[in-house]
1. Among the residues of region A:140-169, which ones are of a type in the set (Ser, Thr, Tyr), loosely packed, with under 13 Cβ neighbours inside 10 Å and in contact (Cβ under 8 Å) with a residue 40 or more places away in the chain?
2. Hey, does region A:90-100 have a residue that's open to solvent by 60 Å² or more (accessible area, probe 1.4 Å), farther than 19 Å from A:Leu69 by Cβ, of a type in the set (Asp, Glu) and at pLDDT below 85?
3. So which residues in region A:46-59 are among the hydroxyl-bearing types (Ser, Thr, Tyr) and either touching a residue at least 40 places away in the same chain (Cβ under 8 Å) or part of a helix (DSSP H, G or I) (or both), if there are any at all?
4. If you go through region B:20-42 one residue at a time, how many are touching a residue at least 12 places away in the same chain (Cβ under 8 Å), more than 10 Å from every other protein chain (Cβ to nearest Cβ) and open to solvent by 60 Å² or more (accessible area, probe 1.4 Å)?
5. Applying the selection to region B:153-190, what residues are buried (at least 17 other Cβ atoms within 10 Å of the Cβ) and over 19 Å from B:Cys32 (Cα atoms)?
6. Name the residues in region A:12-45 that are in contact (Cβ under 8 Å) with a residue 12 or more places away in the chain, among the hydroxyl-bearing types (Ser, Thr, Tyr) and closer than 30 Å to B:Val17 by Cβ, would you?
7. Limited to region A:60-89, what total is found for residues that are among the small types (Gly, Ala, Ser), part of a loop (DSSP other than H, G, I, E, B) and open to solvent by less than 100 Å² (accessible area, probe 1.4 Å)?
Amino acid sequence: MGFLDYAIFDEIRRMNSRQVIYQFLNFAMIVSSALMIWKGLMVVTGSESPIVVVISGSIAFHRGDLLMLTMDRDDPIRAGDLTAFKIESRDIPIVHRVIKVHEKSGKDDSKFLTKGDDNMVDDRGLYAPGQHWLTPKDVVGRGKGFVPYVGMVTILMNDYPMLTYTVLGLLGLFVLIHRD
Amino acid sequence: MVEGENQEKGAPEPIKVVKWDGPTVKNTLDDCVKKVINENYSTWKERHTLADGRLFLSVIAVGFAAFALVYDYLYPFPLSKMVLATCSISYFVLMFVLQIYQWYVEKTTFYQAAENDGKNPARYWRWSSEMKRYDDKYTLVAEYTQGSRWGSMKLVKSIASYITEDGEVLLSLLKKDVDYLRDQATSKRE
C-alpha cells in the first residue's frame, strides 16, 4: 500500500491544485499569526523579548514562570526595579533587582548594579570579566507582570527538542491534510 | 487498493468516506457533486473566482508577515519598529477582511460554473451546501443568474440517501439529485 493510500489522506488525495495551495496557505497563515502577534508585542512593549521564561528560579519567580517585559528608554532605571539584562557573550537574559544606580547628566551615562533577591552577594560575579557595572545598553526590559507555570512548556521543549519537532510536525500535518 | 466484487478492471476508485465524520462527509459530497457536474455537463465550465479571491487575500496577508520577518532579520528590532507595526496591523486587518469575505461573499458556495450553450447569454451557476453538526441532513442549493433572470432550487436529504453502509458514495444516486436541481432551478420562471 503506497504511503498516500491510507484513509486519513483521503481528503488530500481528492484535492485539486487550488485546494492544495489553500491548505499550505492555511498553514502559513497560522504561522504568520503567531509571528505577527509576537512582533506586535515587541512593538507595543518596546522590548526585544517581550515575554521570557524563568529558567532558574528564586523566591519571587519560579522555574517555568512567564515574565512580561516592557522597555521604555525614557523612564530612568531606579533602585528597586526588576530589570532583565544581558551579559555580553551570554544569550540568556537575567532578571534581577537593581540595588545601586549612578547617574550623570545624560540618561545614557547611568551605571547600575544588580543582585538577585535570593543571593547573598551582588551580581558582579556574573558580569563579564572587567565589568563592574551595567549600563542602559545591557538592559533588555523591565519586569512588568508574570504568569506562573505557563512557561514550563517552553522549558520542556527546550530540554527535549525531539518533543518540539514531533508536536509541531504533527500539528502541521494535521492542518495540511484537514480542510477548514 | 480496495478489493471487492464491485471492482472491475479499469473502474474508477470508489469514493469512500468515514460516514460518522460530519465535516468530511459534507466535503466529500461537495466534491462528488463537482465531479458529477464536470464529468456530465459538457456545456458547463467551472469557474474559480471566489476561491481565487480567497487565495489572493491569503497570499497578501502572508506576504506582509513574510516581509516583516525578513525586514526584522536584516534590520533588528528598534530599527524595524515602524515596519513591524505597519505589517502587524495590516496583517490583522487582512485577516479580518478575509473572514468577512468568507462569511458574506463566499458563504457556503463550493462550486461555480458558467453554462454556455452558444445561443443564449451565459448562465452563471453557484452551488452551495450546508450540513449541521451531528446532523445527517445534507442541504444542496443550486442557483443561477442569466442576465437579469435568476433561479434557484434547494434539496434537503439525509446522507444515507447517497452513502452505503461501508461509507461508499454512490455517484449515480447523487447525479439524479444534481440533475433534478438543475432542471428545477431552470424551469421556474422568475
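The values are calculated or read from the model by the stated rules, or taken from the named source; none is laboratory data. Everything quoted here is computed from the prediction, not taken from an experiment. Quick reminder, even Gly has a Cβ in these numbers, built from the backbone with ideal geometry, and neighbours come from all protein chains shown. With ligands, DNA and RNA removed, areas are computed over all heavy atoms of the protein, side chains included. Shrake-Rupley method; radii C 1.70, N 1.55, O 1.52, S 1.80 Å.
1. Result: A:Tyr149, single match.
2. No, the conditions are met nowhere in region A:90-100.
3. A:Ser47, A:Ser49, A:Ser58
4. Going through region B:20-42 one residue at a time, the tally reaches 1.
5. Passing the criteria: B:Ala185, B:Thr186.
6. Scanning region A:12-45 gives no hits.
7. Qualifying residue count, region A:60-89: 4.
Rundown of residues vs (1) open to solvent by less than 70 Å² (accessible area, probe 1.4 Å); (2) over 29 Å from B:Arg47 (Cβ atoms); (3) modelled with pLDDT of 90 or more, yes/no style:
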position: B:Ala61; (1), (2), (3): yes, no, yes
position: B:Ala68; (1), (2), (3): yes, yes, yes
position: B:Ser80; (1), (2), (3): yes, yes, no
position: B:Tyr111; (1), (2), (3): yes, no, yes
position: B:Glu115; (1), (2), (3): yes, no, no
position: B:Asp135; (1), (2), (3): yes, yes, no
position: B:Leu140; (1), (2), (3): yes, no, yes
